[in-house]
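**Student:** I'd like to ask some things about the structure below.
The values are calculated or read from the model by the stated rules, or taken from the named source; none is laboratory data. These figures come from a predicted structure and were not determined experimentally. All Cβ positions, even for glycine, are placed from backbone atoms using ideal geometry, and neighbour counts span all protein chains on display. Ligands, DNA and RNA are stripped out before the accessible areas are found, and what is left, the full protein with its side chains, is counted by its heavy atoms. Shrake-Rupley method; radii C 1.70, N 1.55, O 1.52, S 1.80 Å.
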Amino acid sequence: MQSNEKNTFDFQAFSDFKNLLAKHAQSKTLRVLLFTSGTEGYFSNGIEPSLMIGKSHDEVEKAVSLLIGTALDYFLFPVPTISLLSGHTMAAGAVFALFSDFRFMVDKGARIGFSEALVGLNFPSFPTMVLADLVGQKNARDLLYTGKQIKGKEALEIGLIDELVSPETIWTEGKKKADSLATLTFESARGIKTALRDYYRPVIDRVFSSDVANFTQTIQTPNGQEGFRSLIENRRPNFT
């Protein structure tokens, strides 16, 4: 990713990523996907705030549908995925990390967190389920209600990431893992990924519409709009 200085996702960035995933999903030779940042200091800081401020209901709903749809395309991508968290990983960026099969994170200069509560937003139910399955209900509860942003050591302790590595070696360590997974046959790479994800498909089908509707509604509230404005103005939000 290299969208801007904080790797936030605007509509075009989501569209480009969704199209890229669709293209590579059709590959007959791909065994593994490495996902990382080309921007120093950030894996991704989540949604670009200006995408959601002062927009009509239809505009916000379209953006939210694209956001959640792109994240689900990544979650269901047909081969193993490895995210290399070389910098701060927040909100929607943390969801993309969560939806990876493997997560490598630098041991300094980065935090990861689901910070939606800090800016007055809710959190979709499907990634909540995946997070709870990964780190346990108690840790998921604490991460979501507080919006706290944790360092790599704590993320490793609770199981949110798989490996903690130095900034200098994150690419080589991730590539080493990718090379190992690339020895899988075409059938194994896709068959095992399908087995790991099929459990979630009925849930995705059941909650997609409500996740989009609830997140759209929350963004359009006065508190949701204030939360996004506070991000642009780099200040604490003043909620009603």
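**Student:** Identify, please: which residue in segment 87-118 is part of a loop (DSSP other than H, G, I, E, B) and more than 14 Å from LEU143 (Cα to Cα) and is, among those, most open to solvent (accessible area, probe 1.4 Å)?
**Tutor:** Filtering first and then ranking leaves LYS108.
**Student:** Could you check, for segment 11-19, whether at least one of its residues is in contact (Cβ under 8 Å) with a residue 60 or more places away in the chain and surrounded by fewer than 18 Cβ atoms within 10 Å (Cβ to Cβ)?
**Tutor:** Within segment 11-19, not a single residue is in contact (Cβ under 8 Å) with a residue 60 or more places away in the chain and surrounded by fewer than 18 Cβ atoms within 10 Å (Cβ to Cβ).
**Student:** Additional query: For segment 214-233, give me each residue that is over 22 Å from the mean Cα position of the chain (by Cα) and over 17 Å from LYS62 (Cα atoms).
**Tutor:** Start the filter on segment 214-233 by keeping residues that are over 22 Å from the mean Cα position of the chain (by Cα), which leaves 221-223, 226, 233.
Within segment 214-233, PRO222, ASN223, GLU226, GLU233 meet the criteria.
**Student:** Return the pair list, or none, for Cβ contacts closer than 6 Å from residues in segment 155-179 that are under 11 Å from PHE102 (Cα atoms) to residues that are part of a loop (DSSP other than H, G, I, E, B), at least 6 apart or on different chains.
**Tutor:** Close Cβ pairs (under 6 Å, with a partner that is part of a loop (DSSP other than H, G, I, E, B)) amount to ALA178/VAL32.
**Student:** Could you say which residue among GLU48, GLU61 is farther than 20 Å from ILE161 by Cα and crowded, with 22+ Cβ neighbours inside 10 Å? Outline the logic, then answer.
**Tutor:** Numbers: GLU61 fails: crowded, with 22+ Cβ neighbours inside 10 Å.
The match here is GLU48.
**Student:** When segment 1-27 is examined, which residues are found to be farther than 22 Å from SER230 by Cα and modelled with pLDDT under 90?
**Tutor:** Listed by number, the residues that qualify are MET1, GLN2.
**Student:** Let me ask you something else. Evaluate segment 40-57: report whether one residue or more is in contact with a helix residue (DSSP H, G or I) (Cβ under 9 Å, 6 or more places away or on another chain), part of a helix (DSSP H, G or I), farther than 28 Å from THR146 by Cβ and touching a residue at least 60 places away in the same chain (Cβ under 8 Å). Before the answer, list the steps.
**Tutor:** First pass over segment 40-57, keeping only residues in contact with a helix residue (DSSP H, G or I) (Cβ under 9 Å, 6 or more places away or on another chain): 42-55, 57.
From what is left, the residues that are part of a helix (DSSP H, G or I) are 49-51, 57.
Next cut, farther than 28 Å from THR146 by Cβ only: 57.
Filter once more, so that each one left must be touching a residue at least 60 places away in the same chain (Cβ under 8 Å): 57.
Yes, that holds for at least one residue.
**Student:** Next question, about the same structure. Mind checking whether some residue in segment 63-81 is among the β-branched types (Val, Ile, Thr) and not in a helix (DSSP H, G or I)?
**Tutor:** The answer is yes, given that some residue of segment 63-81 is among the β-branched types (Val, Ile, Thr) and not in a helix (DSSP H, G or I).
**Student:** Has segment 91-111 got any residue that is within 26 Å of GLU226 (Cα to Cα) and of a type in the set (Ser, Thr, Tyr)?
**Tutor:** Taking every residue of segment 91-111 in turn, none turns out to be within 26 Å of GLU226 (Cα to Cα) and of a type in the set (Ser, Thr, Tyr).
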